[in-house]
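Structure record follows, encoded as structure tokens.
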Amino acid sequence: MSAANSGIGMTSQRTRMRMVERLRGQGIRDELILAAMGEVPRHIFVDEALASRAYEDIALPLGFGQTISSPYTVARMLELLRSGSVLDKVLEIGTGCGYQATVLSRLAREVYSVERLAPLLTKARRHLRDARAHNVRVRNADGNLGMPEQAPFDGIVVAAAATHVPQALKDQLAVGGKLVIPLTNHGKQSLHIIEKTAQGYVDRKVEDARFVPLLPGLG
Ligand code: SAH
């Protein structure tokens, strides 16, 4: 971590606490998520030139045409994923810079994360190490396929918008497990939560969303 990123000024604990209060105001209620986001230094996940904006409620560019989701989006996705329950093993599709995976590492015992762009994953690995997220395993692969050898998962969170729900991800959910995924329909995106029950899948549309697209294959 460089001196400029060492946690002073705009990147201080106080700035992070202001972000947490804003998230409460936006309706985030899960105290475990609020605590995790209050601790994870979001500024180390973005380029130094953007570090001072890391705690604003905006998506920021990561390079390669990708963005780190806004704090509200991360909090809301993870709140849906947890829905108040204990998470053991979870899968994230779209590691990006590794921020959401790091927050997840504090909510679940084991975190797996898949990213299709190898250079982004190199950065993410460094960030995960700097943030001491030791229970996160990442892989350069097409997230549409999930990670069959680690399945089943209690939760799967997709950080990019799909046109349909990949069947592999549904298959890899445990019974009682939840898939949180933004879906594009007629040019409009919305966040969905899909629960696997003993009787089948229950799909609920939650709210409008704005994500980069889930792309096929490796980058
Ligand atoms: N969770 C990330 C935000 C990621 S943005 C963070 O905290 O920074 C979405 C990411 O999904 C991008 O990095 C993009 O490259 C990746 N992505 C898109 N399609 C994918 C696919 N099929 N498999 C894996 N990753 C994918």
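The values are calculated or read from the model by the stated rules, or taken from the named source; none is laboratory data. Predicted, not measured: the structure shown is a model, and the values here were computed from it. Note: ideal-geometry Cβ built from the backbone for every residue, glycine included; neighbour counts use all protein chains shown.
Values as computed for the structure displayed
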{"item": "Top-ranked residue of region 179-214 - restricted to ones that are within 16 Å of the ligand (Cβ to nearest atom) and outside any strand (DSSP E or B), ranked as surrounded by the fewest Cβ atoms within 10 Å (Cβ to Cβ)", "result": "ARG210"}
{"item": "Hits in region 49-59 - residues which are within 13 Å of the ligand (Cβ to nearest atom) and buried (at least 20 other Cβ atoms within 10 Å of the Cβ)", "result": "ALA54"}
{"item": "Test: residue in region 30-52 that is charged (D, E, K, R), modelled with pLDDT under 95 and assigned to a loop (DSSP other than H, G, I, E, B)", "result": "yes"}
{"item": "Lone unmet requirement of (1) within 14 Å of the chain's Cα centre (by Cα); (2) away from the ligand (no atom under 13 Å from the Cβ); (3) in a loop (DSSP other than H, G, I, E, B) for GLY84", "result": "(1)"}
{"item": "Test set (1) within 14 Å of the ligand (Cβ to nearest atom); (2) touching a Ser or Thr at 6+ places or on another chain (Cβ under 7 Å) - THR73 fails condition number", "result": "(2)"}
{"item": "Output for region 93-150, where each listed residue is in a loop (DSSP other than H, G, I, E, B), charged (D, E, K, R) and either more than 10 Å from the ligand (Cβ to nearest atom) or modelled with pLDDT under 95 (or both)", "result": "ARG106, ARG132"}
{"item": "Qualifying residue in region 61-71 (condition: modelled with pLDDT of 95 or more, under 16 Å from the mean Cα position of the chain (by Cα), assigned to a helix (DSSP H, G or I) and within 23 Å of HIS192 (Cβ to Cβ))", "result": "yes"}
